[in-house]
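**Q** My structure is below; once you've seen it, I'll send some questions.
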Amino acid sequence: MKMLIIIPALNEERVIGDVIADIRHNAPGMDIVVINDGSADATGAVAAAAGVTVVNLPYNLGIGAAVQTGYKYAKRNGYDIAVQFDGDGQHRADQLEALLAPLIKGEADAVIGSRFLIKSAYDTEIYRYVAIRILARIISFFVRRRITDPTSGFRAVNMDVIRYFSYYYPDDYPEPEAIVLLDRAGFRVAEIPVLMQQRMMGSSSITFLRGIYYMGKVLLAIAVDMLKKATRS
């Protein structure tokens, strides 16, 4: 299978080289594209120096547009599988084999790597944990199956979902909404346990107040999605 790792990155010049090296060590047969989302630092140059394909967006378009750009690249270049992999060092390339297994076996169309299906040293702020748990319960209700980590950006999808996401992908805070869109379009979504680690540098932009805004915006977007006619075309 022809497989691609999509790394959306914003101002990650200090860690993007290590992220790429981790992938190459653990998954040497996979291609890598870095979507440089209008970084103000040398993220694009560092990634290019590491020898991977870099798509430089003209300015910061946001995570949804950056990830969808990666899916458009995957579709245009005929990839069978695409993996979303954060550029901040939280995701571990030694977990890729487990993430890909359900796709390779034909058991799912999209696979989410969950931090909460396995005990680990990964830690997060209590308000973020509570928000994730609330989102997980609401999304589980809508898709009629248990989802434990709806905000996880560590995901793998097959060719059909690559094609779908190249046309339909949420704009803001896309991960939870994307699960609902996939379910309504008839795709099989699975979760598997994975280990993650704390980001290598910096801190999350999601503060307590932004977390409340995040929750409200995501829930409103999901409510609108539920009113729309589902489509895969």
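The values are calculated or read from the model by the stated rules, or taken from the named source; none is laboratory data. Not measured: the values here are computed from a predicted model. So basically every Cβ, Gly included, is an ideal-geometry build from the backbone, and we count neighbours across all protein chains shown.
Residues checked against (1) polar (S, T, N, Q); (2) at pLDDT 95 or above; (3) outside any loop (DSSP other than H, G, I, E, B):
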| position | (1), (2), (3) |
| --- | --- |
| ALA40 | no, yes, no |
| ALA66 | no, yes, yes |
| THR69 | yes, yes, yes |
| LYS72 | no, yes, yes |
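**Q** For PRO170, are the conditions met, namely being modelled with pLDDT of 80 or more, part of a loop (DSSP other than H, G, I, E, B) and crowded, with 20+ Cβ neighbours inside 10 Å?
**A** yes
**Q** Oh, and also: Look at PHE142 and say whether it is under 25 Å from GLN198 (Cβ atoms) and touching a residue at least 24 places away in the same chain (Cβ under 8 Å).
**A** In short, no.
**Q** What are the pairs with Cβ atoms under 9 angstrom where one residue, in the stretch 149-172, is under 21 Å from ARG128 (Cα atoms) and in contact (Cβ under 8 Å) with a residue 60 or more places away in the chain and the other, located anywhere, is among the hydroxyl-bearing types (Ser, Thr, Tyr) and in a strand (DSSP E or B)? Sequence gap at least six, or different chains.
**A** Cβ pairs passing all conditions: PHE154/SER114.
**Q** Whether any residue in the stretch 182-191 is out of contact with any Lys or Arg (no Cβ under 6 Å at 6 or more places or on another chain), surrounded by 18 or more Cβ atoms within 10 Å (Cβ to Cβ) and over 21 Å from GLY106 (Cβ atoms) is what I want to check.
**A** Checked against the condition, which is being out of contact with any Lys or Arg (no Cβ under 6 Å at 6 or more places or on another chain), surrounded by 18 or more Cβ atoms within 10 Å (Cβ to Cβ) and over 21 Å from GLY106 (Cβ atoms), the stretch 182-191 yields no hits at all.
**Q** Scan the stretch 176-197 for residues that are under 16 Å from the mean Cα position of the chain (by Cα) and either aliphatic (A, V, I, L, M) or modelled with pLDDT under 95 (or both) and report the count.
**A** 14
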